[in-house]
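These notes concern the structure reproduced below.
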């Protein structure tokens, strides 16, 4: 007895899903979901370092890969709206 693999999803199909409080990722055509959290943090993953979390009181830097790139994490999170929405990620 074999188990059928779930159908693969396109980026367009995922982006058409409703903004309903779920975080979504599309990884090699497979949809991954989890309930959205509101921590307002960014996880930095670099191939040569341990993952790092920065929050809205900190600054995000891409040194040394993008010299001079710095942004306040707070700028990445809009003020809370009535729906507190977030766009899904496509990997």
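The values are calculated or read from the model by the stated rules, or taken from the named source; none is laboratory data. What you see is a predicted model, and the numbers here were worked out from it, not measured in a lab. Virtual Cβ from ideal backbone geometry, glycine too; neighbours counted across all protein chains shown.
Here are a few things to note about the model shown:
- Filter result for residue 18 (outside the structural domain of residue 72 (by TED's automatic domain parsing) and either without any contact (Cβ under 8 Å) to a residue 12 or more places away in the chain or not in a helix (DSSP H, G or I) (or both)): yes
- Residues that are within 18 Å of the chain's Cα centre (by Cα) and surrounded by 10 or more Cβ atoms within 10 Å (Cβ to Cβ) were ranked within the range 65-79; the one that is modelled with the lowest pLDDT is 78.
- Candidate set from the range 39-64 (those that are under 13 Å from the mean Cα position of the chain (by Cα) and not in a strand (DSSP E or B)); member that is surrounded by the fewest Cβ atoms within 10 Å (Cβ to Cβ): 45
- Residue in the range 29-38 that is surrounded by the fewest Cβ atoms within 10 Å (Cβ to Cβ), counting only those that are free of Cβ contacts under 8 Å to residues at least 24 places away in the same chain and in a loop (DSSP other than H, G, I, E, B): 37
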